[in-house]
Amino acid sequence: MKNVRNANVRYKNLDDKELEILAGVGLDKDEKERTATFLQSDDEVLFHKSLNPGIEIFPIEEALRKYPWVKEYYGKSFQLQGKDYPEDTQGGYFIWVKKDVHAFFPIQACLFLKRKSFSQRVHNLIIAEEGSKVHIIAGCASSYTSGESHHLGISEFFVKKGAYVNFTMIHSWKEDVDAEPKSIALVEEQAMFLSNYICLKPVRKIVMYPTAVLLGDGSKARFNSLLLAHPGSSQDIGSRVIFKARNTSAEIISRAVSLGGNIIARGHLKAESPKVKAHLECRGLMLNPEGLIHAIPELETFYQDVDISHEAAIGTISKDEIEYLASRGLTKDEATGVIVRGFMDTEILNLSQVLKNEIDKLTVETLKKGL
Amino acid sequence: MAKYTLQVKNLTVKVGSQTILDKINLKIEEHSTMILFGPNGSGKSTLIKVIMGISGYDIAEGDIIFEGESIKDLSIEERAERGIGIMFQYPPKIRGVKLEQIAQFLTKEEERIRALSAHLNLDKILHRDLNVDFSGGEMKRSELFQLILQKPGFFLLDEPESGVDMENISLMGRMLKAFLKEEKPACLIITHTGYILDYIEAKNACVMIDGCLFCLGHPREIFESIKKFGYEKCKECQREI
Ligand SMILES: Nc1ncnc2c1ncn2[C@@H]1O[C@H](COP(=O)(O)OP(=O)(O)OP(=O)(O)O)[C@@H](O)[C@H]1O
Ligand SMILES: [Mg+2]
């Protein structure tokens, strides 16, 4: 594996079409409104840079060489959960946000699939030290040159006491690409882990069940997702929060739309402590009889003193809504588009103002093209 | 010869086996306003929904002629395209879709949206989800707002003033009056209260009872008669329409 740091060649081998795909998952190539950047294509890290001395960003292998203590973290969240993780990974990012550092602009990390039949396997490690606050936008995408490709991404988050991590992941794959993100966040006392996931482009198969473990008193987690399943795609996507401390809370919200593809929308709230408050909400829209939406919400606890709930609803767009908009002159397709874009409400995501406008624009454009 | 914007000919409408409108005949001259009275459940809303092309109603017989052509087989958006606009009695809630988005669809002139929404006290409502938790009055003002932006040549208004406070009735009434003066659309307006008559000049009125139309005449006269003698009296009138 090579690291290329010369800014002039940072996007080498990427053509305009590919840069456009990356822009579609949030890559700001001029880095104007970004605190730090990491870009990996297949197994090659093209570029990494931080503009904030309080934030370090490296390829994971380099971090392990440079800081021996990183080994202590590597794989730890999986071991603590008694889970295996593949060790044959190549690349991935290491993000270290030092104590009390607050970054106004987000950190961007992009993983790009280019080669045919390539299997990208990365291991990411994110450490937010005590009192730090950071937004990360992670874009994962495949080039038009990819095909029969596969992405596996291990992500470990260590959100220390009082820290705040807001992680927004956007996927943009193809009909012949499979993706398998596996992530665990360990959240300490009074800390907050927020995850937004957006997948609106075609893909063959995605399986993911990111988990947040609330270890410290007063910690919080939130998972929000916007999912669109095109015909032929299969998405098995869930979010899990395990509560191991008191006064913890969480919310899982998902919006799933099937255009003919299959979505299994899972959610699991597991209260292993009293004094837990959490809610899980899944709403689905079926726009094609070929598709499938299967919502599987799970609530689990041994304790009495918890308040955990869920609501799930699946339906289709009501005729009244379409006809109302038609009476204002919208065609059936325009009306459907407006309603689906409304359903895929970015308001459910907790985005910073900087990212909100960007992501609103990205989702609206993607949905306009995709419907 | 008078030119008609709308002609409803011998229209029978059913839902399943139930007849809701029975051999309705109605003519509205261009630029003129027709008032439609009638008790609850008599079929008034059904008539205007069928004119707009709303689904769920089966036209068993008859025809609807708009500006000289049958529109019976046109889609809703084609009818809207031709210039028919409707204010619904019960507009649906649409989550995630803002009133402002619809306004922007209806006109490209942002300034008109700003001015008209301010005038109708809808500034705050613009950014809310359409009809979700709107008060009764807000709902009616939002409907009128959309219609005025749409500028149809033929207005279908379903109880524009019901549930609206006196001040807002006056606000809406004056706005409608100004619009009619300026754009001269034809109108079909359903009302129970008759307040709307204080603001607009209506040429004729008729009364719907049990899916049949009765008693074509002057709106004030008919309204006074309904107040004095009730709807039953209209049935006796048997005036040809
Ligand atoms: N889709 C439908 N399916 C079944 N019945 C219907 C349907 N639409 C209307 N009706 C029935 O047809 C009749 C006429 O209804 P409509 O809404 O037209 O009355 P209206 O004159 O507008 O009454 P109101 O003054 O209460 O608004 C009512 O008995 C109503 O229940
Ligand atoms: Mg009615």
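Results, tabulated for the structure shown:
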{"item": "Accessible-area value, A:D88, 1.4 Å probe, nucleic acids and ligands omitted, Å²", "result": "90"}
{"item": "Rounded accessible area of A:T301 (nearest 10 Å², 1.4 Å probe)", "result": "60"}
{"item": "Fraction of the pair-distance distribution of chain B above 25 Å, Cα-Cα pairs, percent", "result": "41"}
{"item": "A:V203 - accessible surface, heavy atoms, 1.4 Å probe, Å² rounded to 10", "result": "0"}
{"item": "List A:E323, A:E180, A:E298, ordered by accessible area with a 1.4 Å probe, largest first", "result": "A:E298, A:E180, A:E323"}
{"item": "Peptide-level mean, for A:326-339, of C-beta atoms on other protein chains within 10 Å", "result": "6"}
{"item": "Accessible heavy-atom area order of A:L215, B:L74, A:L269, highest first, probe of 1.4 Å", "result": "A:L215, B:L74, A:L269"}
{"item": "Rough spin-label spacing in nm, given labels placed 7 Å along Cα→Cβ, for B:Y90 and A:K368", "result": "3.5"}
{"item": "Under 26 Å from the Cα of A:K174 - lysines, other chains or at least 8 residues apart", "result": "A:K12, A:K17, A:K29, A:K114, A:K116, A:K182, A:K201, A:K205, A:K356, A:K361, A:K368, A:K369"}
{"item": "Listed residue pairs exceeding 22 Å between alpha carbons, taken from A:K49/A:K76; A:K32/B:K108; B:K49/B:K140; B:K9/B:K44; B:K27/B:K228", "result": "A:K49/A:K76; A:K32/B:K108; B:K27/B:K228"}
{"item": "Cα gyration tensor shape for segment A:185-277, rounded if a/c is under 1.5, else prolate or oblate", "result": "prolate"}
{"item": "Mean Cα-pair separation over length for segment B:149-222, i.e. relative contact order, pairs under 8 Å, 6 or more apart, %", "result": "32"}
{"item": "Additional length obtainable on full extension of the chain from B:E224 to B:Y57, 0.36 nm per residue less Cα span", "result": "56.9 nm"}
{"item": "log10 of Debye I(q)/I(0), alpha-carbon scatterers only, for segment A:132-227 at 0.10 Å⁻¹", "result": "-0.30"}
{"item": "D (Stokes-Einstein, µm²/s), Kirkwood Cα radius, segment A:16-318, 1.002 mPa s at 20 °C", "result": "110"}
{"item": "Residues in segment B:192-220 reached by a label modelled at B:K184 [backbone nitrogen below 17 Å; 7 Å Cα→Cβ]", "result": "B:201-203"}
{"item": "Value at 222 nm in deg cm²/dmol, rounded to 500, when DSSP H runs of n ≥ 4 in chain A each add -39,500 (n - 2.57)", "result": "-5000 deg cm²/dmol"}
{"item": "Shape box of segment A:319-371 [Cα atoms, principal axes, largest first, Å]", "result": "37, 20, 14"}
{"item": "Distance from segment B:50-96 to segment A:127-186 (C-alpha centre basis), Å", "result": "49"}
{"item": "Among A:D28, A:D16, A:D178, residue whose mean-square fluctuation peaks in a GNM of chain A (springs only between Cα atoms under 10 Å)", "result": "A:D16"}
{"item": "Accessible area in square angstrom per residue, segment A:319-371, 1.4 angstrom probe", "result": "43"}
{"item": "Cα gyration tensor, the protein assembly as shown - rounded (a/c under 1.5), prolate or oblate", "result": "prolate"}
{"item": "Dimensions in Å of segment A:257-371 - Rg and Dmax from alpha carbons", "result": "17.7, 55"}
{"item": "Label-reachable residues, segment B:76-100, where backbone N falls under 17 Å from a point 7 Å from A:S318's Cα toward its Cβ", "result": "B:88-99"}
{"item": "Residue with peak Gaussian network fluctuation, chain A [Cα springs, cutoff 10 Å], from A:L330, A:L27, A:L214", "result": "A:L330"}
{"item": "More than 16 Å apart - percent of Cα-Cα pairs taken over segment A:1-125", "result": "65"}
{"item": "Sum of side-chain charges, A:G131 neighbourhood, beta-carbon under 14 Å (Lys, Arg +1; Asp, Glu -1)", "result": "0"}
{"item": "Residue-averaged beta-carbon neighbours from other chains (10 angstrom radius) around B:93-100", "result": "6"}
{"item": "Segments B:101-111, B:30-40 sorted - mean Cβ within 10 Å per residue, highest first", "result": "B:30-40, B:101-111"}
{"item": "Inverse mean reciprocal Cα-Cα distance (Kirkwood Rh) of segment B:1-54, Å", "result": "12.3"}
{"item": "Calculated SAXS-style log₁₀ I(q)/I(0) at q = 0.22 Å⁻¹ - segment B:116-241, Debye, Cα scatterers", "result": "-1.29"}
{"item": "Relative contact order of segment A:229-330, pairs being alpha-carbon contacts under 8 Å that are 6 or more residues apart, as %", "result": "27"}
{"item": "Label-reachable residues, segment A:326-363, where backbone N falls under 20 Å from a point 7 Å from A:F104's Cα toward its Cβ", "result": "A:351-359"}
{"item": "Counting DSSP beta bridges with both ends in segment A:16-318, the antiparallel % (nearest 5)", "result": "10"}
{"item": "Cα-based helix-to-principal-axis angle, B:219-229 vs chain B, degrees rounded to 10", "result": "70"}
{"item": "Volume of the Cα convex hull of segment B:1-94, divided per residue and given in Å³", "result": "119"}
{"item": "Highest-MSF residue in chain A out of A:E156, A:E18, A:E300 [GNM, Cα springs under 10 Å]", "result": "A:E300"}
{"item": "Listed residues A:I252, B:I59 arranged by accessible area, highest first, probe 1.4 Å", "result": "B:I59, A:I252"}
{"item": "Unsatisfied cross-links (Cα-Cα over 22 Å) in the set A:K71/A:K98; A:K319/B:K93; A:K98/A:K270; B:K184/B:K233", "result": "A:K98/A:K270; B:K184/B:K233"}
{"item": "Chain A: relative contact order as a whole-number percent, Cα under 8 Å and 6+ apart", "result": "10"}
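The values are calculated or read from the model by the stated rules, or taken from the named source; none is laboratory data. This structure is a prediction, so every number in the text was calculated from the model and none was measured. Glycine also receives a Cβ, built like all others from the backbone with ideal geometry; neighbour counts cover every protein chain displayed. Side chains included, ligands, DNA and RNA excluded: accessible areas come from the protein's heavy atoms. Shrake-Rupley method; radii C 1.70, N 1.55, O 1.52, S 1.80 Å.
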